[in-house]
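These notes are about the structure you will find just below.
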Amino acid sequence: MKNRFLQFIPGIIWFAICFYLLTIPGKEIPQISWMDFYQADKLVHIVMFFTLCFLFSFAIRDSYEKYSLVLIITITGLLFGIAMEFVQKYFIPNRTCDIDDMIADGMGCLISYIWWKRKFNKADVDYL
């Protein structure tokens, strides 16, 4: 049981990093030209949420219920991204709620889900 918890530590640490980055007040975010920032910002969201879902999915990779758990992780990651946008809007100075960020968060979660789904399917075929 103790060893199982250790598998979740990378995901928990990444979750804390994401939470910190998503709650930085707007004035403390480095200012880049609008178009450059827009492109980089969406890529950052995709990578952050891909990594978040990937690490938690990695922790359950040996579980018998991995298919449903990866789906739950994906949905939870998306809900976390949506919730953080509202946290930014209502609780973080100089931050806003951005639908495009929610879409980028969802894309990161979905890419992770697809990657793991393909990996699990390949692993199941290898056992046959």
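Here Lys42 is the anchor, and the lysines within straight C-alpha reach of less than 23 Å, apart from those fewer than 8 places off in the same chain, are Lys27, Lys89. Shape index of the chain: Rg/Rh, with Rg the Cα radius of gyration and Rh the Kirkwood radius from the inverse mean 1/r over Cα pairs, equals 1.04. Put a dot 7 Å past the Cα of Ile103, heading toward its Cβ, do the same for Phe5, and the two dots end up 4.2 nm apart. As a rough guide to protection, the peptides 65-76, 102-113 ranked by mean Cβ packing within 10 Å, highest first, stand as 102-113, 65-76. Working note: 222 nm ellipticity from helices only, DSSP H runs with n ≥ 4, each -39,500 (n - 2.57), summed and divided by the residues of the chain, gives -27000 deg cm²/dmol to the nearest 500. Rounded to the nearest 10 degrees, the inclination of helix 34-59 to the longest alpha-carbon principal axis of the chain is 30 degrees.
Each reported figure results from applying straightforward, stated rules to the coordinates on display, with no laboratory input. Please read these numbers as outputs of a predicted model, since none were measured by experiment. Positions of Cβ are backbone-derived with ideal geometry, glycine not excepted, and every protein chain shown enters the neighbour counts.
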